[in-house]
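Right, one structure below, let's go through it.
The values are calculated or read from the model by the stated rules, or taken from the named source; none is laboratory data. Since the model is a prediction, treat every value here as computed from it, not as a measurement. Don't worry about glycine lacking a Cβ; one is built from the backbone with ideal geometry, like all the others, and counts go over all protein chains shown. The protein model used for the area step is the full one, side chains on, heavy atoms only, and it has no ligands, DNA or RNA in it. Shrake-Rupley method; radii C 1.70, N 1.55, O 1.52, S 1.80 Å.
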Amino acid sequence: MNSPKTTLTTDLPDQLSRIGLHVTASGLDDFIARAAKHRWSPRVLLEEIVRSESQDRARRSLERRLRNARLGRFKPIADFDWNWPKKIDRQLIERALSLDFINEGRNFILLGANGLGKTMITKNIAHQAVLAGHSVVFRTASDLLGDLASDYPHLRRRKLNYYGRPALLCIDEVGYLSYDSSAADLLYEVVNRRYERASLLITTNRAFRDWDSVFPNAACIATLLDRLTHHADISIIDGQSYRVRESEEEAARRRSKT
């Protein structure tokens with residue numbers, strides 16, 4: 001039978017992992033060698049453990065937040081052509097990129113025609129929020145409403161709680177499809193749960209006066225919009241689609257090669 005001292009030494013990496021010191025456990029031999037080589041004092045040794053474990057936990061936390069956000073691929077805001085839209089409030093958008101609206105518990109709404117970069121801006125804001133340590137969820141309106149459309153009340157409540165929790169909830173493409181009144185009720189529940197508590201970032205291609213056509217016969221639209229816009233910054237983008245311009249440029253390049 002092994003002595004207690006031998007057992008402790010043999011099982012030390014496992015025991016360190018069990019108490020959450022995963023980096024120290026995985027590199028224990030190297031860690032001990034460095035401590036001996038540099039003749040670390042007990043305090044320095046503990047400080048090095050705290051430093052390496054804190055860095056690893058911050059890395060894993062960032063990876064988890066990025067995974068949960070589900071942002072997918074997107075172009076950096078540095079690639080955004082501010083001169084293309086006929087109308088855009090660059091100052092307001094750059095203030096949103098600084099995340100002030102999240103710290104203030106306000107909403108941010110991007111309103112404009114298709115292809116003007118609303119999703120690109122939204123994903124950049126969401127990414128900045130994740131890097132700043134905020135919990136973020138990004139979904140299209142169709143994905144979110146489809147996720148909430150459960151016939152089982154307990155599952156629907158669980159999903160509503162999920163969408164109520166993050167510091168920033170991004171709902172992209174509201175208005176691209178039409179929904180029934182039950183979908184409007186679900187969206188209202190999401191907005192209501194977050195009202196004056198946590199921030200929403202909404203993109204839409206429809207003016208608010210046209211939301212009745214997005215959710216026909218929905219009785220809650222006026223109340224939904226009232227709560228959505230009560231504490232909100234609204235940025236209107238006007239102009240022609242970037243995608244149309246890119247298609248025209250690609251066609252011109254192909255013609256020049258023939």
Residues of region 164-181 classified as closer than 9 Å to Val137 by Cβ and of a type in the set (S, T, N, Q), total: 0
Candidates Arg255, Arg243, Arg193 - the one that is surrounded by fewer than 17 Cβ atoms within 10 Å (Cβ to Cβ), without any contact (Cβ under 8 Å) to a residue 60 or more places away in the chain and over 26 Å from Ala167 (Cα atoms): Arg255
Identity of the residue in region 85-99, without any contact (Cβ under 8 Å) to a residue 60 or more places away in the chain and farther than 14 Å from Ala129 by Cβ, that ends up surrounded by the fewest Cβ atoms within 10 Å (Cβ to Cβ): Gln91
Count - residues of region 35-82 that are open to solvent by 90 Å² or more (accessible area, probe 1.4 Å), under 18 Å from Leu97 (Cβ atoms) and assigned to a loop (DSSP other than H, G, I, E, B): 1
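Please determine, by comparing only the residues of region 131-145 that are of a type in the set (A, V, I, L, M) and farther than 17 Å from Tyr162 by Cβ, which one is most open to solvent (accessible area, probe 1.4 Å).
Across region 131-145, the extreme among qualifying residues is Leu131.
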Considering residues of region 146-182 that are in contact with a Lys or Arg (Cβ under 7 Å, 6 or more places away or on another chain) and over 19 Å from Asn205 (Cα atoms) only, the residue most open to solvent (accessible area, probe 1.4 Å): Asp147
Residues satisfying the stated conditions in region 204-235, i.e. among the basic types (Lys, Arg), in a helix (DSSP H, G or I) and more than 22 Å from the chain's Cα centre (by Cα): Arg209
